[in-house]
1. Looking at VAL144, VAL180, VAL187 in this structure, which one is touching a strand residue (DSSP E or B) at 6+ places or on another chain (Cβ under 7 Å) and either more than 17 Å from ALA55 (Cβ to Cβ) or in contact (Cβ under 8 Å) with a residue 40 or more places away in the chain (or both)?
2. Taking only segment 194-233 into account, find how many residues are at pLDDT 85 or above and not acidic (Asp, Glu).
3. If I filter segment 154-192 down to residues being within 12 Å of the ligand (Cβ to nearest atom) and in contact with a Leu (Cβ under 8 Å, 6 or more places away or on another chain), which single residue comes out as nearest to MET109 (Cα to Cα)?
4. Can we say SER45 is surrounded by 17 or more Cβ atoms within 10 Å (Cβ to Cβ) and of a type in the set (Gly, Ala, Ser)?
Amino acid sequence: MNGHKRRIHSIATHKRKEPMIRLSETTKLDARSWSLQAIETCPGSIGADGALVAACSGCYATTGNYRFPNVKAPRIHNREDWQRPEWVADMVSALDADRYLRWFDSGDMYSLELAEKILQVMRLTPWVKHWLPTRMAKFPKFRVVIAEMQALPNVSVRFSSDSITGEYGPEHGSVIIPDVSAAPEGVVVCKAYEHVGKCNGCRACWDKGGVIAYPAHGKKIGKVYKTIAILKG
Ligand code: SF4
């Protein structure tokens with residue numbers, strides 16, 4: 001009798017089990033994404049003056065759909081979930097049928113332990129092209145693990161410039177521009193705006209090297225431009 005009760009309990013527990021790995025479908029990218037909550041996992045978003053850098057003060061991932069509970073839920077879940085010992089193996093298995101993954105549609109690689117686990121996932125999934133935008137290279141302790149990621153043939157790590165007016169340095173792999181006419185010479189301009197905000201087969205962000213310039217969009221970043229114009233007088 002007791003054994004029977006235990007069996008029923010075990011079946012009920014199994015039925016309640018939630019999927020552990022939560023990847024987001026992003027309509028823009030034609031690829032899945034593993035993400036965290038923006039800003040609270042983005043230590044690189046804070047400038048030397050203690051305020052958000054320009055690119056993060058207009059962050060798209062703090063407005064619109066990103067405020068909906070169903071969009072927040074997987075990001076909140078992922079912040080705990082990556083700390084499980086089985087997380088790397090579960091990620092590898094979840095990516096079995098994927099060919100492209102974007103890390104951090106929102107959020108950033110805020111923990112060195114997380115960065116080392118992501119590196120393991122990248123190494124164990126050579127069939128997947130990984131694109132990882134980050135500001136964590138600002139912190140010296142992350143540089144070794146980032147260099148190991150960059151050495152992998154299937155990985156594109158892009159350091160995001162803090163600028164929203166097209167300024168970037170030799171270390172950067174992406175920058176925001178006010179519009180297409182402001183694109184610095186030599187950058188690849190993201191053409192998603194020509195395809196109702198979708199990548200439409202473009203995979204430039206997953207390719208190694210070069211600098212991608214993203215034309216700004218959204219009301220929030222529009223306000224940041226207005227503030228900059230007022231401050232400049
Ligand atoms: S540059 Fe290409 S791959 Fe990157 S976001 Fe734009 S359309 Fe997508």
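The values are calculated or read from the model by the stated rules, or taken from the named source; none is laboratory data. All of these numbers come straight from a predicted model, not from anything done at the bench. A quick note on method: Cβ atoms are made from the backbone with ideal geometry, for glycine too, and the neighbour counts reach across all protein chains shown.
1. Values: VAL144 fails: touching a strand residue (DSSP E or B) at 6+ places or on another chain (Cβ under 7 Å); VAL187 fails: either more than 17 Å from ALA55 (Cβ to Cβ) or in contact (Cβ under 8 Å) with a residue 40 or more places away in the chain (or both).
The match here is VAL180.
2. Let us first name the residues in segment 194-233 that are at pLDDT 85 or above, namely 194-195, 198-216.
With not acidic (Asp, Glu) added as a condition, the list becomes 195, 198-206, 208-216.
Number satisfying all stated conditions: 19.
3. The residue in question is ARG158.
4. Values: surrounded by 17 or more Cβ atoms within 10 Å (Cβ to Cβ): yes; of a type in the set (Gly, Ala, Ser): yes.
Against the criterion (surrounded by 17 or more Cβ atoms within 10 Å (Cβ to Cβ) and of a type in the set (Gly, Ala, Ser)), SER45 qualifies.
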